[in-house]
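Reviewing the structure listed below.
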């Protein structure tokens, strides 16, 4: 046996029962039956065990399963891989159990199965048996992150389920969603165009190329700033003079490089509050004056706000004290309330001072003192507020006058547009000078020398890698693989039902974007434009068989399994034929005769002795065709038999 086949599919219930689904090795296995007998769950079980991120086993089957497994075989070596079915509400499980050896023991109860490793660990065991090394490729996602090629990437070549087999847009499972990029990136590896070693070197080459580009851009940017314009430093000095950042009190052109450098450094330390000259420009001074006036006005408004808050507090306190005073007016009922030695009611002398009378006296005194304080402070606060209001009116008048002066200058000066943003222009110039100084410092520093040395080392390594990774050769080899696979597919499709107008026209496949179709004498037609479910089916079958011939010929690490879910779909759609369709008499011109051609082709394909195993899920049953009848492993009938035994309980019950 040259390639890995699936010997058994293993199903475990929730009540310690196990069911085996056995397949013919290096041959065709056909499973027939009506709708809802569990046939559609088979590709999903295989996909889930082999690493799917989510469990899409149909719910009617999933509810009855606790674990599922696959027994792989190649020669004397067997590999069993089991994965726990996730609980309701969860997408998947990481619990994996596996065994490797000759005639491996298959657990008969789910209680024997327990987590032995995680999903990645279990798949890596099979990858080692397949001969897959640490192959990585670039750009598996939008972030251009390098990802490892795994056995998971082989699934599109193994499963042609009901969503794909007659698709007019998609050749491979997963090629119509986010998985398409990973399929395209891993194709060169599975076709033998690159191996683990060259993929590693290619990835290193891409990283070095990016690193070189990044350092070169930084060095060139610094050099462009320093050397891009003749006398760049002198030009910046002249610009600063025009904007009044420095005085034009000497012949700048006669200054040395060091003197110019010092002047540039001084400009970067320019103080916005410092006096500076701007020829024929009074606006900056007016704007500074306006800013000062507005700042003072804001300060006065804040003081006025605080004073009003104090008045509010005083008024509230005044109200509180007056309420206290009114409460104490009851004292008028007493006589001589201020004499603690006399009873305030009968006026008789007391032998000892009265404590209540003392308390009343003290409280009365305090209230009177508080009222006197309020009467004393309130006029001062009112006067302060009036002064602030007067000062604010003066400031606001000054602001209006200054604004009028600015407006007048704006109307009179034709160049006012430039003068309005004088400070912005100054800061832009200071920014350019700062960038110039930083770039010059970088060019003169050890860091620039280090960058250049790093570039030399990277260029040397790049030359070495380019000798190993010949991109042009890779492209040529990919195109050669396209021609070879297309040639094989063209030969295969000649024995399948296909429209007469495409007779003798070669089938093509573009491995760079997974586009497939037919090459006509004047133009190419993509699969979408070819039309007809029968044509779509023929293209899928021919190209999938061509790919597996290529894998087998080059002994690539792709299992020799190809599952087709209902080849009869163009002839017996499942919604029209919910039960198995027995086919007796076959007329050569009938659709049934056309359908039989696919099966006869697949029988011939496995007879090529390339260890290809074909699994077919079907509605049709050719009862008078010996090879077909002998290949049928299971015939399921709705409500009588199926993938899941009728006595298996659902977990949620």
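The values are calculated or read from the model by the stated rules, or taken from the named source; none is laboratory data. Keep in mind that this is a model prediction, so the values were computed, not measured. Because the Cβ atoms are built from the backbone with ideal geometry, glycine has one as well, and the counts that use them run over all protein chains shown.
Numerical summary
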{"quantity": "Candidate set: the range 72-101, residues that are loosely packed, with under 15 Cβ neighbours inside 10 Å and closer than 21 Å to residue 13 by Cβ; chosen: the one nearest to the chain's Cα centre (by Cα)", "calculated": "90"}
{"quantity": "Qualifying positions in the range 499-522 - part of a loop (DSSP other than H, G, I, E, B) and within 27 Å of residue 191 (Cα to Cα)", "calculated": "504, 505, 506, 511, 512, 513, 514, 520"}
{"quantity": "Qualifying position, being modelled with pLDDT of 70 or more, crowded, with 20+ Cβ neighbours inside 10 Å and in a helix (DSSP H, G or I), among 567, 602", "calculated": "602"}
{"quantity": "Residue in the range 49-64 that is touching a strand residue (DSSP E or B) at 6+ places or on another chain (Cβ under 8 Å), part of a helix (DSSP H, G or I) and closer than 21 Å to residue 164 by Cα present", "calculated": "yes"}
{"quantity": "The range 611-642, subset surrounded by 13 or more Cβ atoms within 10 Å (Cβ to Cβ), at pLDDT below 90 and assigned to a loop (DSSP other than H, G, I, E, B), residue farthest from the chain's Cα centre (by Cα)", "calculated": "625"}
{"quantity": "Residues satisfying the stated conditions in the range 3-43, i.e. surrounded by fewer than 21 Cβ atoms within 10 Å (Cβ to Cβ) and either out of contact with any strand residue (DSSP E or B) (no Cβ under 9 Å at 6 or more places or on another chain) or over 30 Å from residue 625 (Cβ atoms) (or both)", "calculated": "14, 15, 16, 17, 18, 35, 36"}
{"quantity": "Boolean, residue 69 is outside any loop (DSSP other than H, G, I, E, B), in contact (Cβ under 8 Å) with a residue 40 or more places away in the chain, in the same structural domain as residue 23 (by TED's automatic domain parsing) and within 34 Å of the chain's Cα centre (by Cα)", "calculated": "yes"}
{"quantity": "Selection count where residues are in contact with a helix residue (DSSP H, G or I) (Cβ under 9 Å, 6 or more places away or on another chain) and assigned to a loop (DSSP other than H, G, I, E, B), scope the range 106-121", "calculated": "1"}
{"quantity": "Test: residue in the range 123-145 that is within 22 Å of residue 56 (Cβ to Cβ) and modelled with pLDDT of 90 or more", "calculated": "yes"}
{"quantity": "Top-ranked residue of the range 173-184 - restricted to ones that are surrounded by fewer than 19 Cβ atoms within 10 Å (Cβ to Cβ) and free of Cβ contacts under 8 Å to residues at least 60 places away in the same chain, ranked as nearest to residue 478 (Cα to Cα)", "calculated": "181"}
{"quantity": "For residue 199: the one exception among (1) touching a strand residue (DSSP E or B) at 6+ places or on another chain (Cβ under 8 Å); (2) at pLDDT below 85; (3) assigned to a loop (DSSP other than H, G, I, E, B)", "calculated": "(3)"}
{"quantity": "Any chance residue 426 is within 39 Å of the chain's Cα centre (by Cα), over 30 Å from residue 545 (Cβ atoms) and either assigned to a helix (DSSP H, G or I) or at pLDDT 70 or above (or both)", "calculated": "no"}
